[in-house]
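Structure, as structure tokens:
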Amino acid sequence: MDNDISTLTEKILKDAQIEKDEARFLTTLNGSDVYKLFSYANSIREFFRGNFIDLCSIINAKSGACPEDCSYCAQSTHYNTKVDVYPLISEYRIIERAKEAKKNGARRFCIVTSGRKIDNPDEIKTIATWITQIRDIGLLPCATLGLLREEDLYTLKEAGLNRYHHNLETSEAFFPEICTTHTYREKVKTVKKAQELGLSVCSGGIFGIGEGWEERIEMAFSLRDLDVDSIPINFLNPIPGTPLEGMGYLNPIEALKIIAIYRFILPDKEIRICGGRNVAIRTLQPFIFLSGADGLLIGDYLTTQGRNPDDDLKIMEDLGLRW
């Protein structure tokens, strides 16, 4: 079995892409072969991405009252989750959190808002002002603002937006199982609009929502076809009141196996581990990097608490990684 993983690794290091059947083979690995998979994924990361870990931090700049019905989300009006609901926060809070993120080692800072999209011109102008200020602090500004119009993306780019984040969430076939109020094709269209404007794009998904390995592979290959720059990997943290509240957590080894297989499929892309890693990966946090990741969301998430950034920085320091 080691020879099969080694052969695939050698193929990737020679700048060739693996096929879906080869990716499916990787999903069948278990026992000690899984740790070999991690090791080879780590070598692929080192070859294509080096030992630099791209750190980002986010702020929930507008919370709750979302009309969409994504089945994992605490901010949907379709579910009774008792999440905080508030409009756009103040400029002071944005700048304060951005400065804190930079102090904690973040390179990027992302403004996130709930809802289908930001469609109020005044709110777009406000966010554009924040983006300029975030850049002036010395951070790369990112934004997660939903299914934005092209003209609004252009306004934000002119203000200094570096990267637009918009997840596919899962495979096209499985998407209707988790959301019915917008479509997978609308998501793909948003990603392409951002790319056409010259923005870097961050797009990935959430795992542990009832999908299987086939859906995970399909999404990875869709992301490869879209040629996005960064792939955020989130794990379900079941929120009481949502349809997925009883789903439970992924096993840490399965979560790490997802990271490793995504590194094989997307060898030269940023693979960023984000929400839910506390509950899915638990005590195996160092393996995030040892299984192929080169990006990390530090600090708190949107509606749940994250890890102490100092703990993450210490892990990276102990592993000889840079950020």
Exercise. Taking Cα atoms, how many degrees apart are the long axis of helix 252-265 and the longest axis of the chain, rounded to 10 and kept between 0 and 90?
Worked result: 90
Exercise. Do any trypsin sites (Lys or Arg not before Pro) in the range 190-231 lie in a DSSP loop with no more than 14 other beta carbon atoms within 10 Å, and if so, which?
Worked result: none
Problem set entry | Using alpha-carbon coordinates, inclination of helix 150-159 to the longest axis of the chain, degrees | 90
Exercise. Summing -39500 (n - 2.57) over the DSSP H runs of n ≥ 4 in the chain and dividing by its residue number, what mean residue ellipticity at 222 nm do you reach, to the nearest 500 deg cm²/dmol?
Worked result: -13000 deg cm²/dmol
Problem set entry | DSSP-defined beta bridges in the chain - what % are antiparallel, rounded to 5 | 10
Problem set entry | Lysine pair count for the range 188-319 [Cα-Cα under 28 Å; pairs on different chains or 8 or more apart] | 6
Exercise. Once both labels are modelled 7 Å past Cα along the beta-carbon direction, what's the Asp84-Thr183 spacing in nm?
Worked result: 3.7
For this session: Would you work out if the range 137-289 is rounded, prolate or oblate? Take a ≥ b ≥ c from the square roots of the eigenvalues of the alpha-carbon gyration tensor; rounded if a/c is under 1.5, else prolate when a/b is larger than b/c, oblate otherwise.
Result: prolate
Exercise. What's the angle, to the nearest 10 degrees (0 to 90), between helix 213-226's Cα axis and the longest principal axis of the chain?
Worked result: 70
Exercise. When the Cα centres of the range 28-73 and the range 184-210 are compared, how far apart do they sit, in Å?
Worked result: 15
Exercise. Roughly what would the spin-label model give for Leu226 and Thr283, points 7 Å off Cα along C-beta, in nm?
Worked result: 3.7
Problem set entry | Distance in nm between pseudo-label sites at Ala173 and Ser43 (7 Å out along the Cβ direction from Cα) | 3.3
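Quick one: if the Förster radius is 25 Å, what FRET efficiency do Asp33 and Arg307 give, using the C-beta to C-beta distance and rounding to 0.05?
Efficiency for this residue pair is about 0.30.
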Exercise. Using 0.36 nm per residue, how much length does the chain from Glu100 to Glu158 gain when fully extended, once their Cα-Cα distance is taken away?
Worked result: 18.4 nm
Exercise. Taking a point 7 angstrom from the Cα of Gln17 along the C-beta vector, which residues in the range 206-237 have backbone N less than 20 Å away?
Worked result: 214-233
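For Ser6 and Thr129 in one chain, what is 0.36 nm times their gap in residues minus the Cα-Cα distance, to one decimal in nm?
39.3 nm
Taken together, the values in this text are just the output of simple stated rules run on the coordinates, not laboratory data. Nothing here was measured: the structure is a model prediction, and the numbers come from that model. All Cβ positions, even for glycine, are placed from backbone atoms using ideal geometry, and neighbour counts span all protein chains on display.
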